[in-house]
Amino acid sequence: MAAEQHSPLEQFKVKCIALCGDGGTLQAFSFTNASLFMVLSVVGAVLLMVYGMRQRSLVPGRLQSVAELSYEFVANMVRENVGPNGRQYFPFIFSLFIFVLMANMLGMVPYSFTVTSHIIVTFALAIVVFLGITAIAIARNGIHFFTHFMPAGVPMWLAPIIVPIEIISYLSRPISLSLRLCANMLAGHTTLKVFAGFVVSMIGMGGVLSASGILPLIMVTALTALEFLIAFLQAYVFAILTCLYLAEAVNMEHH
Amino acid sequence: MPQLETATFLPQLVWLLISFVILYVLMAKLALPRVAEVVDGRRKRLEHDLEEAARLKRETEKAIADYEQALAAARAKAQAIAGETRARISAEQAAVKARLEAEIAERTKAAEASILAAKQQALAALKSVAAEAASDVVARLSGTAPSNDAVEAAVAQALAKRSA
């Protein structure tokens, strides 16, 4: 058990908390540590955006400032990247951003679980974005949507090369979107755990060598700061890429 | 690797769906309209306040212009009144001065005339007094009274010599 506890990947293990099947097996509705942190992310977002705004002050307090800042941040992102056609999708982009941000930030708490480090979660979010935006694009542009795969001005004889490339590039969007977020979280948390493990094992060497444990400690402190930046940055990247894909769908030019 | 344990996929997807749908509904229906209300309200209030300030400034400028106009009008009026008064007073002064000068000239003339008369009277009196005195002196010295004509001629001659 001790060996497994020290594995850097142990932190990503999904464990059943409630509604478990026989012998702790997982069922469809089983409430796991992953479920717990998804619910906590929602609670965090609601605390910030509803509890934080409860006073609706003209001059905002600290929590209200943060709530308004998040709102303005995503609103500007949608306005600048999608334009007026994107207004109706703002609540979805905002929910996506705040959910990923909260999940990433809660993952930075020691002994917590990082929801976004699981490819199935990020892939589910990315595929919803991908399918939704494709549906919007077809609904708005009809058959014209397919000209996306054959950019204007490309000579006809290049079509057999360009069209497959464009199709593959389009279909790989959900994969790159989900892998980027998941891999960043996975790699970051694993690295933190590995360096934290070095601290323990170096101190455990005893004598003068114990003092060298300070080196990985410095490293792990610096990496923690970096991970906070990445936690925010990846939420931002996820949201802004969604905005860019959406912008293509709603602002497709008709020739 | 826990990420690849397919048994965890279904419960994760189920709870992701549940939590994300709840989050989306709460954000779209409750939180975001509320934030929008506050942010827009603040922007409108700021715009309104700025407009109000601009309006008050315009009013102030208008009041200042009105005041300056009234001031200029009052100043012009005051100058007109002052000029008029000055002209009236100088005309009156000139009239009074002319009257006084005339009066003074008249009085001077009268005074000169009376002085001349008095002088001539005095001179005439002097002649007779001198003639009397001379005839007395001659009578004392010679014992004979000289003729009046001779005395008078001598006095006149002496007076003429004096005044010459």
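No value in this document is a laboratory result; all are computed from the given coordinates. Not measured: the values here are computed from a predicted model. Don't worry about glycine lacking a Cβ; one is built from the backbone with ideal geometry, like all the others, and counts go over all protein chains shown.
How about B:LYS161: which lysines have a C-alpha closer than 17 Å to its C-alpha, ignoring those fewer than 8 places off in the same chain? Partners found: B:LYS127. Gyration tensor over the Cα atoms of segment A:128-221: the corresponding equivalent ellipsoid has semi-axes (square roots of 5 times the eigenvalues, largest first) of 53, 15, 8 Å. Averaging over all projection directions, the Cα-based convex hull of segment A:182-227 occupies 2.7 nm² in the image plane.
Prolate is the label for segment A:74-114, because a/c, from the alpha-carbon gyration tensor with a ≥ b ≥ c as root eigenvalues, is 1.5 or above and a/b exceeds b/c. Taking the empirical scaling 2.2 N^0.38 Å for compact globular proteins as reference, segment B:1-91 has a Cα radius of gyration ratio of 3.06. Shape analysis of the protein assembly as shown based on the Cα gyration tensor places the equivalent ellipsoid semi-axes at 126, 32, 21 Å, largest first. Among the helices of chain A, those built from whole DSSP H runs whose Cα atoms reach 24 Å or more along their own axis and whose mean Kyte-Doolittle hydropathy is at least -1.0 are A:62-81, A:90-107, A:119-141, A:173-204, A:214-250. Taking the helices alone, chain A has a mean residue ellipticity at 222 nm of -22000 deg cm²/dmol, built from -39,500 (n - 2.57) per DSSP H run of at least 4 residues and averaged over all its residues. Between the listed residues B:ALA70, B:ALA134, B:ALA111, the Cα displaced farthest toward the positive end of the dipole of segment B:1-139, a dipole computed from Cβ unit charges relative to the Cα centre, is found at B:ALA70. Normalised by residue count, chain B yields a Cα convex hull volume of 302 Å³ per residue. When the charge dipole of segment A:16-153 is built from unit charges on Cβ atoms (+1 for Lys and Arg, -1 for Asp and Glu) and taken about the Cα centre, the candidate among A:LEU69, A:GLY107, A:PHE130 whose Cα reaches farthest toward its positive end is A:LEU69. If R0 equals 22 Å, the separation of the Cβ atoms of A:ALA225 and A:THR191 corresponds to a calculated FRET efficiency of about 0.95. Shielding by partners for peptide A:89-95, expressed as the average number of C-beta atoms from other protein chains within 10 Å of each residue's C-beta, is 5. Counting only other chain Cβ atoms within 10 Å of each residue's Cβ, the peptide A:26-39 averages 5.
Would you work out which of A:LEU229, A:ILE143, B:LEU100 lies farthest towards the positive end of the dipole of the protein assembly as shown, given +1 charges on the beta-carbon of Lys and Arg and -1 on that of Asp and Glu, about the Cα centre? Checked the options; the winner is B:LEU100. Measuring how big segment A:58-203 is from its alpha-carbon positions, Rg and Dmax come out at 20.5, 67 Å. Against chain B, whose longest principal axis is taken from its Cα atoms, helix B:32-142 shows a tilt of about 0°. Among the cysteines of chain A, A:CYS182, A:CYS243 have no other cysteine beta carbon within less than 4.7 Å of their own.
Springs join every pair of Cα atoms under 10 Å in this Gaussian network model of chain A, and among A:HIS189, A:HIS148, A:HIS118 the largest mean-square fluctuation is at A:HIS148. Each Lys or Arg adds one and each Asp or Glu takes one away; over the other residues whose Cβ falls under 14 Å from the Cβ of B:GLU52, this sums to +1.
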